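Student: So that we are looking at the same thing, I have put the structure below in structure tokens.
The values are calculated or read from the model by the stated rules, or taken from the named source; none is laboratory data. Predicted, not measured: the structure shown is a model, and the values here were computed from it. Reconstructed Cβ throughout: ideal geometry from the backbone, glycine too, with neighbour counts over all protein chains shown. The accessibility values were calculated without ligands, DNA or RNA, using every heavy atom of the protein model including side chains. Shrake-Rupley method; radii C 1.70, N 1.55, O 1.52, S 1.80 Å.
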Amino acid sequence: MAEILQKVVEEERQGEAYAPFLADPNEYSKKFYIESYGCQMNFSDSEIVASILHEQGFGPTRNFEDANLVFLNTCSIREKAEQTVRNRLQAFRKVKESRPGMLIGVLGCMAERLKAKFLEEEKLVDIVVGPDAYRSLPGLIIEAEGGQKSVNVLLSREETYADIAPVRLDSNGVTAFVSIMRGCNNMCTFCVVPFTRGRERSRDAASIINECKELFDRGFREVTLLGQNVDSYYFTNPEQEEITFAKLLEKVASISPLLRVRFSTSHPKDITDDVLHTMAAHHNICKYIHLPVQSGNTRILQLMNRTYTREWYLNKVNRIREIMPDCGLSTDVITGFCTETEEEHQDTLSIMEKSRFDMAYMFSYSERPGTLAAKRYEDDIPEDIKQRRLQEIIHLQNTHSRESYKNDIGKIVEVLIEGNSKRSDKDWCGRNTQNKMVVFPKAQAGLKKGDYAQVKITSATSATLIGEMIYH
Ligand code: SAH
Ligand code: SF4
Ligand code: F3S
């Protein structure tokens with residue numbers, strides 16, 4: 001999943017996003033503002049929170065200075081992610097001083113990690129709510145309005161918010177995220193997620209399919225099924241039918257051939273041949289897999305508790321390419337994990353050479369308090385070495401990305417139009433099945449967002465394909 005820290009960019013917010021709300025936000029007596037950080041799961045949770053707040057009569061605002069309630073949905077994955085949130089809180093301090101009635105709430109993974117300590121550390125925070133406790137928000141807001149600081153960070157084994165219809169906050173009206181499971185049981189030693197998100201649980205399949213159907217009926221044309229580890233999705237429905245991830249994919253893909261299906265994230269140990277064959281069998285299941293490798297060295301992978309070896313990962317990549325020769329592949333890499341030697345770092349570079357990822361998210365190791373790695377191993381790679389290794393990895397990936405995009409020149413690809421390109425309203429942009437962004441001139445009248453176009457690729461950068469529409 002795209003775990004790059006992203007602040008919600010104001011310009012990208014579009015009108016239909018706030019669909020269930022009154023046309024004039026001033027008609028609400030109370031307004032909320034929400035800003036999300038971290039992975040898509042968090043952005044998706046903010047849409048659940050918006051739905052809960054809407055039920056309570058709160059209207060949305062895009063300007064925190066107008067809000068009665070200001071929420072930050074936070075991420076703890078790396079130290080830097082937490083620092084960004086703390087800096088952001090400082091920006092709210094001034095406004096709060098001039099508007100003492102304004103309430104500030106911290107949601108998400110940082111709330112879960114720090115719990116009530118947050119209230120001691122950041123005096124301006126009034127409400128702290130963990131990812132499984134959003135249903136308690138209305139009560140907590142009332143408490144906070146009464147002048148009491150309020151906290152709920154209980155994790156749950158059942159909560160999936162299955163019955164809450166998310167309010168699509170920053171939507172382009174074409175693509176949407178649908179959460180299918182929560183939590184993670186994997187315990188990779190570097191990772192804080194099992195502590196902030198709790199045990200793994202799968203959402204009721206019927207509610208997932210209904211949500212996807214409803215999105216399709218409203219004009220959406222792509223759903224991304226979200227979970228920390230989607231391939232371990234497992235649900236037994238009331239008819240005693242056992243629904244694996246492969247079956248769920250099939251059911252969602254069967255809603256309409258015009259509805260694209262994506263998913264994120266897969267753990268290499270769990271993605272089965274069944275899933276690969278299901279992907280291959282359906283044109284509308286996108287040929288793209290995000291398969292985080294983390295390291296190319298078996299000893300480091302063991303220390304990370306990733307449960308696969310270098311060879312096993314490479315076999316998985318081969319298997320994917322055997323079943324779907326045209327499948328796009330991306331990954332996550334961590335440099336400078338505890339005790340990583342120079343040779344072991346070279347193994348990461350060489351697994352990248354062998355796997356030829358189209359794209360990667362690359363990070364230097366950031367020790368997270370409470371994780372198994374923090375307890376067991378010393379964070380002993382000096383920062384300058386971590387950064388130098390990271391730069392080498394980024395450099396290599398840039399070469400691979402450029403090559404991968406260049407190889408598409410001359411191909412004809414199907415693009416789902418997501419909207420105007422960022423640079424010009426004379427161009428459309430959208431993705432091909434491999435998740436590559438494609439930009440092309442609006443030569444033909446009559447096309448709109450949500451339509452499919454066949455585009456011949458004429459040139460490429462390392463992150464965008466440029467082409468011309470041939471027919472639609
Ligand atoms: N559930 C997803 C990953 C979620 S975290 C999965 O298992 O694939 C996203 C990425 O952040 C991870 O894949 C990893 O590369 C990176 N990451 C997680 N913890 C980190 C840490 N402590 N330091 C640096 N990067 C980390
Ligand atoms: Fe973290 Fe590993 Fe779970 Fe991903 S699979 S969320 S990296 S513990
Ligand atoms: Fe996601 Fe960050 Fe939490 S990556 S699960 S928001 S720690």
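Student: How big is the stretch 412-471 by the Kirkwood estimate over distinct Cα pairs, in Å?
Tutor: 11.0 Å
Student: Using a simple spin-label model with points 7 Å from Cα along the Cα→Cβ vector, what separation in nm is obtained for residue 312 and residue 124?
Tutor: 4.7 nm
Student: May I pose another question? Taking 0.36 nm per residue of separation and subtracting the Cα-Cα distance, what length does fully extending residue 273 through residue 305 add?
Tutor: Result: 9.2 nm gained on full extension.
Student: Another question, then. May I ask you to derive the relative contact order of the stretch 31-165, considering only C-alpha pairs under 8 Å and at least 6 residues apart, and to give it as an integer percent?
Tutor: Taking the mean separation of contacting Cα pairs over the length of the stretch 31-165, I get 23 percent.
Student: Treating cross-link reach as a plain straight distance, find the lysines whose alpha-carbon is under 18 Å from the alpha-carbon of residue 422, omitting any fewer than eight places away in the same chain.
Tutor: 7, 436, 442, 448, 449
Student: Over the chain, what relative contact order in percent results from Cα pairs under 8 Å that are six or more residues apart?
Tutor: 10 percent
Student: Figure the gain on full extension for residue 411 and residue 116 (residue separation times 0.36 nm, minus the Cα-Cα span) and round it to one decimal in nm.
Tutor: Fully extending the segment from residue 411 to residue 116 adds 100.7 nm.
Student: Would you please name the GluC sites (Glu not before Pro) within the stretch 239-309 that are DSSP coil residues with at most 14 other C-beta atoms within 10 Å of their C-beta?
Tutor: For GluC sites (Glu not before Pro) across the stretch 239-309 that sit outside H, G, I, E and B with at most 14 neighbouring Cβ atoms in 10 Å, the list reads 239, 241.
Student: Let me spell out the model: positive unit charges on the Cβ of Lys and Arg, negative unit charges on the Cβ of Asp and Glu, origin at the Cα centre of the stretch 412-471. What dipole size does that give, in debye rounded to 20?
Tutor: Dipole about the Cα centre, nearest 20: 120 debye.
Student: Let me ask something else. Accessible area per residue of the chain at 1.4 Å probe, in Å²?
Tutor: Result: 42 Å² per residue.
Student: Can you list which of the GluC sites (Glu not before Pro) found in the stretch 342-444 are DSSP loop residues with at most 11 other C-beta atoms within 10 Å?
Tutor: For GluC sites (Glu not before Pro) across the stretch 342-444 that sit outside H, G, I, E and B with at most 11 neighbouring Cβ atoms in 10 Å, the list reads 378.
Student: Sticking with the crude label model, points 7 Å out along Cα→Cβ, report the distance from residue 210 to residue 80 in nm, one decimal please.
Tutor: 4.2 nm
Student: In nm, what is the difference between 0.36 nm times the number of residues separating residue 251 and residue 65 and their Cα-Cα distance?
Tutor: This chain segment gains 62.6 nm when fully extended.
Student: With contacts defined as alpha carbon pairs under 8 Å and 6 or more residues apart, what's the relative contact order of the stretch 155-292 in percent?
Tutor: 22 percent
Student: Starting from the Cα of residue 93, step 7 Å along the direction of its Cβ; do the same at residue 346; then give the gap between the two resulting points in nm.
Tutor: 4.9 nm
Student: Quickly estimate the mean residue ellipticity at 222 nm for the chain, helices only: each DSSP H run with n ≥ 4 gives -39500 (n - 2.57), and the total goes over all residues, rounded to 500.
Tutor: -10000 deg cm²/dmol
Student: Still on this structure, please answer the following. Given +1 on the Cβ of Lys and Arg, -1 on the Cβ of Asp and Glu, and no further charges, what dipole in debye does the chain carry about its Cα centre, rounded to the nearest 20?
Tutor: 520 debye
Student: Farthest toward the dipole's positive end in the stretch 146-260, which of 206, 167, 258, given Cβ charges of +1 (Lys, Arg) and -1 (Asp, Glu) about the Cα centre?
Tutor: 167
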